[in-house]
Amino acid sequence: MRGLARPVRLLVVPTTNSSYQRDLDRYSAVRRRDPNADAWFVYAVTTTGVYCRPSCGARLPRPENTRYFADAAAATRAGFRACKRCHPERATTIRAERVAATRRLLEADATAIKLDELSNRLGTSKYHLHRQFKQATGMTPRQYAAALRLGRARQGLLEGAPVTEALYAAGYGSSGRFYAESGALGMRAGSIARAGRGETLRTLVQTSSLGHVLVAASPRGICWVALGEDAAELEAELRRHFKEARFEPPNRELRGYCRRILGWIERGEVAADLPLDLVGTRFQLRVWEELRRLPAGETMSYGALADQLEVPGAARAVGTAAGKNPVALLVPCHRLLRNDGAMGGYRWGLERKRALLEREAAASSRARSRR
């Protein structure tokens, strides 16, 4: 398994077109009213509060009054309104529909369909499709297809299918391809295929004001923290996930972890330095890493986190990655809110999310008053 102490960042591919990396290049495209630039950015005029497509026929703004955004959603979040002449928000809708269609095509056939074929079917260039898809999902179409195959293989393995049968049913032509792809996604292929076989996990269930808390740890660190009303259900879910692992009673180290986690739940005393042992895709690991940087007492929107990860427009993908976080609190996905400030979802229930935020805010306030 791979811990968050070693975040996977080396294979992150920039999503901006090299032709539009500088404001000078963007402004030149706006001055030319270049329709090719419409797929890459929108521009906003600070003196009017309006944002447009680069090809818009509106009066050319002065460079110092111009700001640039990856898409209409980002411009809207910054407080600008859409131009009624060129309707840049419609371009965002078209991109969303194109991304949704790409996902459907990949989900129907994640083994053979290539980027050229996808772009031909959807009537766009492969470069635009590649960028737009990554902005929306945090992955390229190729990575998304690999994640689909890996997910199907994992599900088959967890359901007890023989390794070879599970891999071929998922669309792999060979076991070598499976192991190569699982490694590229930032996962230990052996742990996936064995569903925890060879791993030794210690577990402990304790009671808190927010219900039962199940904590599991490998020799490398905490790999599971779950909250719920039924301790037996929490243990059953853990054992389904690591069905081949060997489970042992808690030791002193695990009890120490649990005391600190309970202190977090009851009093908002954050224990961000506890060791973690997590497995996820590279995008998930990036989301979890950034969440751990978010200070207690503060919140962030899904869209803002997507922007911070340099995948603007990928708010939904960020939410999905946060929801798959296996360690409640320690990767603080409860600090994510919807773009309108609403609570949004939470795997362990909105009442728990609200309580955690209130307790962290109170603890942060107490700490500031002592300084």
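Among V213, H241, T203, which residue has its Cα furthest toward the positive end of the charge dipole of the range 200-267, with +1 on Lys/Arg Cβ and -1 on Asp/Glu Cβ?
T203
How high is the relative contact order of the range 260-371, in percent, with contacts defined as C-alpha pairs under 8 Å that are six or more residues apart? Walk me through the intermediate numbers first.
Numbers: 123 pairs, mean separation 36.1, N = 112.
Result for the range 260-371 is 32 percent.
Along the range 203-217, what does the Karplus equation 6.51 cos²θ - 1.76 cosθ + 1.60 (θ = phi - 60°) give for ³J(HN,Hα), rounded to whole Hz, x for Gly and Pro?
Those phi angles translate into 10, 8, 10, 10, 9, 9, 5, 9, x, 6, 10, 9, 10, 10, 9 Hz.
For K243, which lysines qualify as cross-link partners when the Cα separation must be under 24 Å and same-chain residues fewer than eight apart are set aside?
Reachable lysines: K324.
Just subtract the alpha-carbon distance of L60 and R121 from 0.36 nm times their residue separation and send over the number in nm, one decimal.
Details: separation 61, 0.36 × 61 = 21.96 nm, distance 3.56 nm.
The L60-R121 span can extend by a further 18.4 nm.
Label-point separation (nm) for R292 and N339, each offset 7 Å from Cα along Cα-to-Cβ?
Placing both labels 7 Å along Cα→Cβ, they lie 2.9 nm apart.
Rounded, prolate or oblate for the range 200-267? Axes are the square roots of the Cα gyration tensor eigenvalues, ordered a ≥ b ≥ c, and the cut-off for rounded is a/c under 1.5.
Judged from the Cα gyration tensor, the range 200-267 comes out oblate (a/c at least 1.5, b/c at or above a/b).
When ranked by the protection proxy of mean other Cβ atoms within 10 Å per residue, highest first, what sequence do the peptides 246-256, 42-52 form? Present the calculation step by step, with values, prior to reporting the outcome.
On the way: 246-256: 12.6, 42-52: 20.4.
Result, highest mean first: 42-52, 246-256.
Sequence-distant or interchain residues sharing an amide H contact under 5 Å with Y68, placed H: which?
When sequence neighbours closer than 5 places are left aside, the close amide H contacts are A44.
Please list, in chain and number order, the residues 5+ apart from W224 or on another chain whose amide H is under 5 Å from its amide H, with Hs placed from the backbone.
A216
Shape of the range 236-371 from its Cα gyration tensor (a ≥ b ≥ c, root eigenvalues): rounded if a/c is under 1.5, otherwise prolate when a/b > b/c, or oblate? Show your work: numbers first, answer last.
Working: a/c = 1.86, a/b = 1.12, b/c = 1.66.
Because a/c hits 1.5 or more and a/b fails to exceed b/c, the range 236-371 counts as oblate.
Only counting other Cβ atoms within 10 Å, I'd like E199, E269, E360, E64 sorted with the fewest neighbours first. It would help to have the intermediate numbers written out before the result.
Values: E199 20, E269 16, E360 24, E64 7.
Going from least to most buried by this count: E64, E269, E199, E360.
How large is ³J(HN,Hα) for each residue in the range 246-263, as worked out from phi by the Karplus curve 6.51 cos²θ - 1.76 cosθ + 1.60 (θ = phi - 60°), to whole Hz, x for Gly and Pro?
9, 9, 10, x, x, 10, 4, 4, 5, 4, x, 4, 5, 4, 6, 5, 5, x
Can you list the HN-Hα couplings for the range 60-65, worked out from phi with the Karplus curve (6.51, -1.76, 1.60; θ = phi - 60°), rounded to whole Hz and with x for Gly and Pro?
5, x, 6, x, 6, 9
Work out how much length R85 to T48 would gain on full extension: take 0.36 nm times their residue separation and subtract the Cα-Cα distance, in nm to one decimal.
Details: separation 37, 0.36 × 37 = 13.32 nm, distance 1.38 nm.
Using 0.36 nm per residue and subtracting the Cα-Cα distance, I get 11.9 nm.
If R0 is 35 Å, what FRET efficiency do you get for E237 and E266 from their C-beta distance, rounded to 0.05? Kindly include the intermediate steps, with their values, before the conclusion.
Working: r = 24 Å, r/R0 = 0.67.
According to the calculation, E is roughly 0.90.
Fully extended, how many nm does the chain gain between A96 and E229 (0.36 nm per residue separation, minus their Cα-Cα distance)?
Numbers: separation 133, 0.36 × 133 = 47.88 nm, distance 3.81 nm.
Taking 0.36 nm per residue and subtracting the Cα distance, the gain is 44.1 nm.
Run the quick spin-label model on D273 and E165: label points 7 Å from Cα toward the beta carbon, then report their separation in nm to one decimal.
Modelled inter-label distance: 5.0 nm.
Translational D (Stokes-Einstein, µm²/s) of the range 18-90 at 20 °C and 1.002 mPa s when Rh comes from the Kirkwood sum over C-alpha pairs? Please report the intermediate quantities before stating the final value.
On the way: Rh = 11.7 Å.
So the translational diffusion coefficient is about 183 µm²/s.
Every number in this text was worked out from the coordinates using simple rules, so none of it is lab data. Nothing here was measured: the structure is a model prediction, and the numbers come from that model. Methodologically, a virtual Cβ is constructed for each residue, glycine included, from the backbone with ideal geometry; neighbour enumeration extends over all protein chains shown.
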